[in-house]
Amino acid sequence: MSSTTRSTPTAPIPLSSKPAGQANPDTKTACIRTFGCQMNVHDSDRIRRMIQDAGYAEVQRYEDADLVILNTCYVRENAVDRVKGHLGELNRLRREGRVKRVALTGCIGAAEESATLQQTYDIDLVLGTHNTYELAEFVGLPTMLETYTPELPGTEGGHNAFVTIMTGCNYQCSYCIVPTVRGRMLCRPMGSVIAEVERLVAGGTGYVTLLGQTVDAWRHEGKRFCDLLEAVSESTPRVWFTTSHPSNMEDRTLRAIGERDTIVKRLHLPVQSGSDRMLRVMHRGYKAERYRRKIEVFREAAPDGTLTTDIIVGHPGETEEDHEQTLKLVEDCAFDSAYIFKFSPRRGTEAASLPGAVPDAVVQRRFLEVLRQIERNAFERNQRKVGGVEEIYIRHGSTEDGKAIGETWSGHAVHVKTGVAPGNYVKARIESAGPHVLYAGEPSG
Ligand code: 5AD
Ligand code: SF4
């Protein structure tokens with residue numbers, strides 16, 4: 001059993017709309033591997049733009065690549081273990097003369113541990129999250145700080161596009177390494193965000209996702225997140241945003257989700273724990289009751305909408321009573337899905353040196369109890385969708401079995417029998433539902 005689970009996976013996000021070409025033997029080739037969150041997926045897209053500008057062809061297999069770029073995640077130890085596995089494999093390919101150079105970017109690159117990894121695995125270049133632009137020089141382009149910054153659109157420009165509105169995080173959650181590796185919050189000016197959205201939409205993008213570690217903390221020159229969301233919702237046919245923080249989430253944003261036709265009615269609001277005591281230890285800045293009230297406002301604003309969350313089990317000091325309170329909150333909020341994480345100590349965070357480690361077997365049991373509760377709620381809620389006709393946005397085209405992956409306006413992931421291309425809408429009846437996904441029949445038109 002993995003320590004991370006999502007009881008309702010959304011459609012996978014493709015790294016690029018560009019097909020992986022068969023490289024000409026004279027062309028330099030590069031392979032990009034992305035680990036972690038959507039911020040990393042988006043950063044990889046900018047990296048892709050750099051390597052393309054430098055004349056590299058992108059390939060999908062390490063053995064076909066002159067240069068391999070690992071864009072990494074540091075948020076939990078298993079993310080680091082995965083990267084170490086890849087680095088070991090790359091060392092072997094390098095000894096065989098297949099891969100020439102390896103670069104490591106992203107959150108591991110920004111952590112102290114990267115120096116040891118660089119030595120152990122003989123990595124050619126290590127970059128953090130603030131100096132990714134230096135990769136430009138490494139691949140033979142002039143280093144232009146102002147060119148390869150968050151303002152730079154990636155290559156995607158396809159049907160679904162990410163737009164970063166803020167980077168970093170001003171919170172100091174006990175367990176979290178993000179503020180260390182991503183730095184303090186930096187908000188992008190509204191004009192720059194709107195200009196990018198308008199450019200993307202003019203280029204054919206039909207679905208914009210606003211990104212940030214605490215996206216709802218965005219503020220700039222007297223404007224707050226809800227102002228930005230409303231402005232974006234007027235410039236694009238479809239918009240969603242992630243990740244939010246309960247302390248920043250305003251009721252008017254929750255109401256705007258319900259009222260505005262172009263906003264997908266899905267809220268990802270990480271709660272982490274249902275126990276006030278644990279929330280205090282974690283420095284989350286809210287109590288469970290305040291979280292519940294936010295959810296009430298959301299459910300009232302968008303009764304049909306989907307609510308997802310993040311939960312950590314086994315944080316140091318978590319008692320059976322704390323765990324019971326998490327189960328109670330899960331029951332009360334009836335999440336449509338959740339990412340459940342087993343606590344993973346990160347060197348440099350407060351929680352890594354806190355007493356009261358929870359034994360592995362207890363963590364595992366609590367993990368399964370939360371998972372079962374989430375799945376039970378999600379299954380029940382999904383059953384209510386059966387029989388209804390939904391307008392479905394096609395995110396990914398059909399696979400060999402003729403099923404495309406789409407999303408309803410309520411934010412449910414749907415498998416639908418259609419050959420319609422991504423970026424289009426179809427209307428279809430929901431025929432059945434599992435805890436993770438809805439299944440629709442053939443579109444009616
Ligand atoms: N251990 C377990 N889960 C963590 N997360 C962040 N840091 C840790 C950690 N040290 C989880 C939180 C966060 C999500 C992105 O990852 O739930 O919301
Ligand atoms: Fe990490 Fe907390 Fe910031 Fe989220 S709000 S990125 S969990 S420190």
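Just so it is clear, none of the values below were taken in a lab; they were calculated from the coordinates. This is a predicted model, so every value here is computed, not measured. Glycine gets a Cβ as well: all are built from the backbone with ideal geometry, and neighbour counts include every protein chain shown.
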*Among F343, P359, L438, which residue has its Cα positioned farthest towards the positive end of the charge dipole of segment 325-445, with +1 placed on the Cβ of Lys and Arg, -1 on the Cβ of Asp and Glu, and the dipole taken about the Cα centre?*
P359
*Can you list residues whose amide H is under 5 Å from I32's amide H, if they're 5+ apart or on another chain and H is modeled 1.01 Å from N?*
V59, I69
*Name the long-range amide H neighbours of V126: under 5 Å, sequence gap of 5 or more, or other chain; modelled H, no Pro or chain starts.*
L104
*Tell me what the chain gives for mean residue ellipticity at 222 nm when only DSSP H runs of n ≥ 4 count, each as -39,500 (n - 2.57), the sum divided by the residue total, rounded to 500 deg cm²/dmol.*
-10000 deg cm²/dmol
*If a/c stays under 1.5 just call it rounded; otherwise compare a/b with b/c (prolate if a/b is bigger, oblate if not). Do that for segment 82-127, with a ≥ b ≥ c from the square roots of the Cα gyration tensor eigenvalues.*
prolate
*Quickly work out the E259-to-N78 label distance, labels modelled 7 Å from Cα along the C-beta direction, and quote it in nm with one decimal.*
4.2 nm
_Using each residue's phi in segment 182-189, evaluate 6.51 cos²θ - 1.76 cosθ + 1.60 at θ = phi - 60° and report the 3J(HN,Hα) Karplus result to the nearest Hz, with x for Gly and Pro._
10, x, 7, 5, 10, 9, 8, x
_For segment 43-114 and segment 274-291, what is the centre-to-centre distance using only Cα atoms, to the nearest Å?_
38 Å
*Nearest-20 debye value, segment 181-269 charge dipole, Cβ charges on Lys, Arg, Asp, Glu*: 300 debye
*Which whole-angstrom value gives the distance between the alpha carbon centres of segment 353-377 and segment 298-314?*
20 Å
*Quick one: which residues, 5+ away or cross-chain, put their amide H under 5 Å from the amide H of A338? H built at 1.01 Å from N.*
S7, T8, T309
*asked:* Run the reach check for K28 against lysines, Cα to Cα strictly under 24 Å, same-chain hits fewer than 8 apart removed. What comes back?
replied: K18, K100
*Quick one: what do you get for segment 234-311 if you divide its Cα Rg by 2.2 N^0.38 Å?*
1.14
*With a ≥ b ≥ c taken as the square roots of the eigenvalues of the C-alpha gyration tensor of segment 162-237, please select rounded if a/c is under 1.5 and otherwise prolate if a/b is larger than b/c or oblate if it is not?*
prolate
_Table column - 3J(HN,Hα) (Hz), segment 239-248, Karplus curve with 6.51, -1.76, 1.60, x for Gly and Pro_ = 9, 9, 9, 7, 9, 9, 10, x, 5, 9
*Determine Rg/Rh for the chain; Rg is computed over alpha-carbon atoms and Rh is the Kirkwood hydrodynamic estimate from the same atoms.*
0.96
*asked:* Using the crude model of +1 on Lys and Arg Cβ and -1 on Asp and Glu Cβ, and no other charge, please compute the dipole size for segment 257-336 relative to its Cα centre, in debye to 20.
replied: 380 debye
*Along its principal axes, what span do the Cα atoms of segment 35-113 show, with the longest given first and each in whole Å?*
31, 28, 20
*Could you let me know the centre-to-centre spacing of segment 400-435 and segment 196-235, using Cα atoms, in angstrom?*
26 Å
*Which shape class, rounded, prolate or oblate, goes with segment 161-304 when its Cα gyration tensor gives a ≥ b ≥ c as root eigenvalues, a/c under 1.5 marks rounded, and past that a/b bigger than b/c marks prolate?*
oblate
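In what sequence, highest mean first, do 193-204, 315-326 appear when ranked by Cβ atoms within 10 angstrom?
For the peptides 193-204, 315-326, the packing ranking is 315-326, 193-204.
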*Subtract the Cα-Cα distance of A231 and E300 from 0.36 nm times their separation in residues, and report this length gain in nm to one decimal.*
22.6 nm
*Please get the size of the charge dipole for segment 289-414, origin at its Cα centre, with Cβ charges of +1 on Lys and Arg and -1 on Asp and Glu, quoted in debye to the nearest 20.*
180 debye
_In whole Hz and in residue order, list the ³J(HN,Hα) couplings for segment 264-270 that follow from phi through the Karplus curve 6.51 cos²θ - 1.76 cosθ + 1.60, θ = phi - 60°; x for Gly and Pro._
5, 8, 10, 10, 9, 10, x
*Using 0.36 nm per residue of separation minus the Cα-Cα distance, give me the extension gain between D26 and H130 in nm, one decimal.*
34.2 nm
*Can you tell me the FRET efficiency between E250 and R347 if r is taken as the Cβ-Cβ distance and R0 is 41 Å, rounded to the nearest 0.05?*
0.70
